[in-house]
Amino acid sequence: MENYTFLIEKLQELGLTKREAEVYLTLLIKNGATVKELLESLDIHQPQLYNIIQSLIRKGFIRASSGRPRVYTASDISALIDVQKMKFDLLKSTLQEELAKIKSRSEEEGPYISMIRSLEGVLASIIETINVAEIEIRAEFPAPVFEELKPYLLGALQRNVNLYLLVYPSTVSFEEFERFKDQVKIKTSELGNFLLVISDLSKAVYAKRRFFSIHKLPVSNTEVYGYVIHEKDLLLRLLNIHNNLWIKAKEVLCWIPRPELYPKVFIEFSMALNELETLLRLGYTPIVMVEGRDVKSGSPLEIRGKVRSVNRFGIVSNFVLEGEKETLTIGGFDAEVEDVEAQRITIEKIERQAGGKE
């Protein structure tokens, strides 16, 4: 039978042993069979077959007739998968609730960096990172990983999260993202740096590009590993590498700045700076709210004003904010030469500059 080995492997993923999968598949092909008929078709001893049949009945994969001799038939696989999904959904809900209680009682801070093993572990950590995002996600994806995670990224967009995605190589479709074009910027490159997903500049997943390369021999799922990172300084260092490629990458999808698009919130400073620079170039004056801290005193502050200019020189990037009482320079994480270190920037609205482009 074509794909017999493949089907056995997939049935094992549903929790069957290899022998159980063989018996189930045989019953499915034969549209039912007795023990005698199964013994004729399979290289298996009778006592072992009885044990397997009882196990498959308990798991719901087969059912037995009431007459003699008993005829065993295979249950519909799609219905079984639906039942398994229901069980997992219930388990997920219960575990999330109980783990949240434990987490709320614990005052210990988790590790800044932790290792994750296997492709499944890396993907699960990425999904978790995407699902906790409230404001924005920055990511650099190998194309196969992007395809796997599309449903979760689309779910984030439905929660009004802004996405900044770089996908490599450019072999995938972004059609599903078109209807969210006011929340998403997508670029492509033929080669990337790594796999990186950052949620609200507080949590990230990183893995080597090598594990997902289409240009090299594939790596087995068990060889894949990555890291979950909570250290903001390290996240910024990785973003510096990512930003160099982001600037050069080809733009595929991007929102068009216009008054009705705002307010829009930014946590990662470089994206806020890019947006402000674009608005100024288009002849708009952005009115923004900056939440952060005073660089000298470290005191928290909020300041609202008009952005007058964006400055980039060497490794220093900032913008000038004209408030009601004073004009200040605003920098990003770990700012030193600016007046304010921004932790969140909200572009509340934009106004057309006098003599600006229409």
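The values are calculated or read from the model by the stated rules, or taken from the named source; none is laboratory data. Because the structure is predicted, anything quoted here is derived from the model rather than measured. Cβ sites come from the backbone with ideal geometry, for glycine too, and all protein chains shown count toward neighbours. All accessible areas refer to the heavy atoms of the entire protein, side chains included, with ligands and DNA or RNA removed. Shrake-Rupley method; radii C 1.70, N 1.55, O 1.52, S 1.80 Å.
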TODO: Taking the chain as the reference, fit the longest principal axis to its C-alpha atoms, fit the long axis of helix 269-281 to the helix C-alpha atoms, and give the angle between the two in degrees, 0 to 90, nearest 10.
DONE: 50
Task: Carbon/sulfur fraction of accessible area - the stretch 123-220, other protein chains in place, 1.4 Å, % - done: 51
Open item on the list: Could you derive backbone 3J(HN,Hα) for the stretch 321-326 from the dihedral phi with the Karplus parameters 6.51, -1.76 and 1.60 (θ = phi - 60°), listing whole Hz in sequence and x where the residue is Gly or Pro?
Closed with: 10, 9, x, 5, 10, 7
Task: Highest-first arrangement of 279-287, 40-48, where packing means the average Cβ count within 10 Å - done: 279-287, 40-48
- [ ] Report, to the nearest 10°, how far helix 18-30 tilts away from the longest principal axis of the Cα atoms in the chain, using its own Cα long axis and a range of 0 to 90°.
- [x] 70
Task: FRET efficiency, LEU261 to TYR227 (Cβ-Cβ, R0 30 Å, nearest 0.05) - done: 0.30
Open item on the list: If you take every residue apart from VAL295 with its C-beta less than 12 Å away from the C-beta of VAL295, what net charge results, scoring Lys and Arg +1 and Asp and Glu -1?
Closed with: -4
TODO: Give me the net charge of VAL320's neighbourhood, meaning all other residues with Cβ under 13 Å from the Cβ of VAL320; Lys, Arg count +1, Asp, Glu -1.
DONE: -2
Open item on the list: Tell me the per residue accessible area of the chain using a 1.4 Å probe; a whole number in Å² is fine.
Closed with: 57
TODO: For THR34, list long-range residues whose amide hydrogen, built 1.01 Å from N in the peptide plane, is under 5 Å from its own amide hydrogen.
DONE: TYR72
- [ ] Report the calculated FRET efficiency for GLU326 and ARG281 (r = Cβ-Cβ distance, R0 = 30 Å), to the nearest 0.05.
- [x] 0.75
- [ ] Step through the residues of the stretch 333-341 one at a time and calculate ³J(HN,Hα) from phi using the Karplus curve (6.51 cos²θ - 1.76 cosθ + 1.60, θ = phi - 60°), rounding each to whole Hz and writing x for Gly and Pro.
- [x] 4, 6, 4, 10, 8, 8, 7, 10, 9
TODO: With springs only between Cα atoms under 10 Å apart, run a GNM on the chain and tell me which of GLN54, GLN158, GLN343 wobbles the most.
DONE: GLN54
Open item on the list: What does the extension gain come out to for ARG159 and THR94, with contour length at 0.36 nm per residue minus their alpha carbon separation?
Closed with: 21.1 nm
Open item on the list: Within 14 Å, Cβ to Cβ, of LEU239, how many net charges do the neighbouring residues add up to if Lys/Arg are +1 and Asp/Glu are -1?
Closed with: -3
- [ ] Output the peptides 162-168, 172-178, 182-188 sorted from most to least packed, where packing is the average of other Cβ atoms within 10 Å over each peptide's residues.
- [x] 162-168, 182-188, 172-178
Open item on the list: Just to be sure I understand: with springs between alpha-carbon atoms less than 10 Å apart, which residue in ARG63, ARG308, ARG179 has the highest mean-square fluctuation in the Gaussian network model of the chain?
Closed with: ARG63
Task: Spin-label model distance (nm) - SER65 vs ASN244, 7 Å beyond Cα toward Cβ - done: 7.2
- [ ] Enumerate the calculated ³J(HN,Hα) couplings along the stretch 127-141 in order (Karplus 6.51 cos²θ - 1.76 cosθ + 1.60, θ = phi - 60°), each rounded to whole Hz, writing x wherever the residue is Gly or Pro.
- [x] 4, 4, 5, 5, 5, 8, 5, 10, 10, 7, 10, 10, 8, 10, 10
Task: Heavy atoms of TYR72: accessible area, 1.4 Å probe, square angstrom to 10 - done: 20
TODO: Could you work out how far apart the two model spin labels at GLU120 and ASP43 are, taking each label as a point 7 Å from the Cα in the direction of the beta carbon, and quote it in nm?
DONE: 2.9
Task: Under 5 Å, built H, 5+ apart or other chain: amide partners of SER75 - done: ILE62, ARG63
